[in-house]
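Chemist: This is the structure, below, for whatever I ask next.
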Amino acid sequence: MAKQFNTMARNREAAAKSPAISVITATFNRIDILRMVMERLAVQQAPPGNFELLVVDDGSSDGTQKMVAKMARTLPYEVRLIAQAHSGPGAAHNRGAKEARATVIHFLANDMLAIPGAVKAHWEMHQRHPQRHVAVVGDIRQSEELPPTALHRAMDPFKDWHRREKKNLGEFDFWVSNLSMKRAFFLEHGLFWEHPEPAMEDLELGNRLFRRGMKLLYCPEALAYHYHPQTIESVIQRAYVTGRNFHLYEERVPHNKCHKFAKILSPKLEAPEYFRTLLRDMVRLSLFNGVTIPYVVVPIIRKAETNRILEASIPFLEPRVTGYYFRKGVRDGWKRKGKSDETR
């Protein structure tokens, strides 16, 4: 035991002097999951000089700060707690990057459980690719430790990511849930735009950094598991809020790829894609609309938690629910923006 604590002390002392990499985790009212994230980091195969963890608490009210302060005394790496008034994920990530001490920063979401070699794998990739414009995205998979609900068994938010080609990564592969880059490049060309709600700020930043010469590399060894317990109600809320803020992303991205990526019917689409999307929407809305989604489909998904026969329908139905509420949010956001423009 004494040897363990001596090793912990040496690692923390090394990180305090000059950490090899700064891990940044922004959090808001996720105390229990954040605790798991910090515990997994305690068994990391640390790079030379170890690493520091910056926990940016974005105005939590669940005791996060006390928990972090208590855990920090027992962990083999340095923990720096940064508290701020609730300002949103973009502001929290920016704060962490500004206060980081290492030349490489690693954004790790507060629901990502990193495998023991993940942080070291990020660091080693940057040693092999020291160019300041190189960023690294690690692998992300749905955690098998999630509560065994029917919804969790059916959902895999990363299935499309695993289907995509990893040799020529683009802005839609810019997943800041498990991503590292040179701090100097981020501060010079980046910074997330700041909004109190989820608003696709990571994809907007990815677009901006690619236009400034960023090259994104994939590192499968830097694996983290997504541990975010959800219900159909929380899935709906997240999809709707993200859609409602889509116009903010749309205003900042100078092309129409985002509409094609999000399957949004918009005059900004090129004619062939516009008519394909229009036809798809007509078919989709005939089956999944403001009546069938809330009064038929969502109740089926709820019932599937206790009905194995219905459970088989969730992989098909859940994306339809998510897509419906995302697009509903987009429409409501456009309306709200139009009313706001009229009052100026």
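The values are calculated or read from the model by the stated rules, or taken from the named source; none is laboratory data. All figures in this text were calculated on a predicted structure; none of them were measured in a lab. Here the Cβ is made from the backbone with ideal geometry for all residues, glycine too, and neighbour counts use every protein chain on show.
Chemist: Just wondering, is there one or more residues in the range 214-221 that are more than 17 Å from L108 (Cβ to Cβ) and either modelled with pLDDT under 95 or crowded, with 22+ Cβ neighbours inside 10 Å (or both)?
Modeler: Checked against the condition, which is being more than 17 Å from L108 (Cβ to Cβ) and either modelled with pLDDT under 95 or crowded, with 22+ Cβ neighbours inside 10 Å (or both), the range 214-221 yields at least one hit.
Chemist: Look at N168 and say whether it is modelled with pLDDT under 95 and within 28 Å of V253 (Cα to Cα).
Modeler: yes
Chemist: Report, by residue number, each residue of the range 168-196 that is in contact with a strand residue (DSSP E or B) (Cβ under 8 Å, 6 or more places away or on another chain) and surrounded by fewer than 17 Cβ atoms within 10 Å (Cβ to Cβ).
Modeler: G170 - this is the single residue of the range 168-196 that is in contact with a strand residue (DSSP E or B) (Cβ under 8 Å, 6 or more places away or on another chain) and surrounded by fewer than 17 Cβ atoms within 10 Å (Cβ to Cβ).
Chemist: In the range 56-82, which residue that is polar (S, T, N, Q) and in a loop (DSSP other than H, G, I, E, B) is surrounded by the most Cβ atoms within 10 Å (Cβ to Cβ)?
Modeler: Filtering first and then ranking leaves S60.
Chemist: Kindly indicate which of Y325, Y295 is surrounded by 12 or more Cβ atoms within 10 Å (Cβ to Cβ), at pLDDT 95 or above, hydroxyl-bearing (S, T, Y) and out of contact with any Leu (no Cβ under 7 Å at 6 or more places or on another chain).
Modeler: Criteria check complete, one pass: Y325.
Chemist: Residue check: is P198 over 29 Å from E99 (Cα atoms), touching a residue at least 40 places away in the same chain (Cβ under 8 Å) and assigned to a loop (DSSP other than H, G, I, E, B)?
Modeler: No; evaluated as a whole, the condition is false for this residue.
Chemist: Determine whether H189 is over 24 Å from H86 (Cα atoms) and either in the same structural domain as M282 (by TED's automatic domain parsing) or of a type in the set (S, T, N, Q) (or both).
Modeler: Considered against the rule, which asks whether it is over 24 Å from H86 (Cα atoms) and either in the same structural domain as M282 (by TED's automatic domain parsing) or of a type in the set (S, T, N, Q) (or both), H189 comes out as no.
Chemist: Within the range 167-176, identify whether any single residue is free of Cβ contacts under 8 Å to residues at least 24 places away in the same chain, assigned to a helix (DSSP H, G or I) and under 19 Å from the mean Cα position of the chain (by Cα), and answer yes or no.
Modeler: No: the range 167-176 contains no residue that is free of Cβ contacts under 8 Å to residues at least 24 places away in the same chain, assigned to a helix (DSSP H, G or I) and under 19 Å from the mean Cα position of the chain (by Cα).
Chemist: Being of a type outside the set (S, T, N, Q), at pLDDT 95 or above and surrounded by 20 or more Cβ atoms within 10 Å (Cβ to Cβ) narrows it down to one of I314, I264, I300, so name that one.
Modeler: Residue meeting the stated conditions: I314.
Chemist: Could we say that A15 is in contact with a Phe, Trp or Tyr (Cβ under 6 Å, 6 or more places away or on another chain), part of a helix (DSSP H, G or I), in the same structural domain as L187 (by TED's automatic domain parsing) and at pLDDT below 95 here?
Modeler: yes
Chemist: Restricting attention to the range 258-276, which residues are part of a helix (DSSP H, G or I) and touching a residue at least 24 places away in the same chain (Cβ under 8 Å)?
Modeler: Within the range 258-276, C258, F261, A262 qualify.
Chemist: Can you find, within the range 177-206, the residue that is farthest from the chain's Cα centre (by Cα) among those that are farther than 15 Å from H247 by Cα and among the charged types (D, E, K, R)?
Modeler: Result: E188.
Chemist: Determine, yes or no, whether E305 is exposed (fewer than 13 other Cβ atoms within 10 Å of the Cβ), acidic (D, E) and at pLDDT 90 or above.
Modeler: No.
Chemist: Moving to a separate point now. Of a type in the set (S, T, N, Q), in contact with a Ser or Thr (Cβ under 9 Å, 6 or more places away or on another chain) and more than 15 Å from V56 (Cα to Cα): does that describe T103?
Modeler: yes
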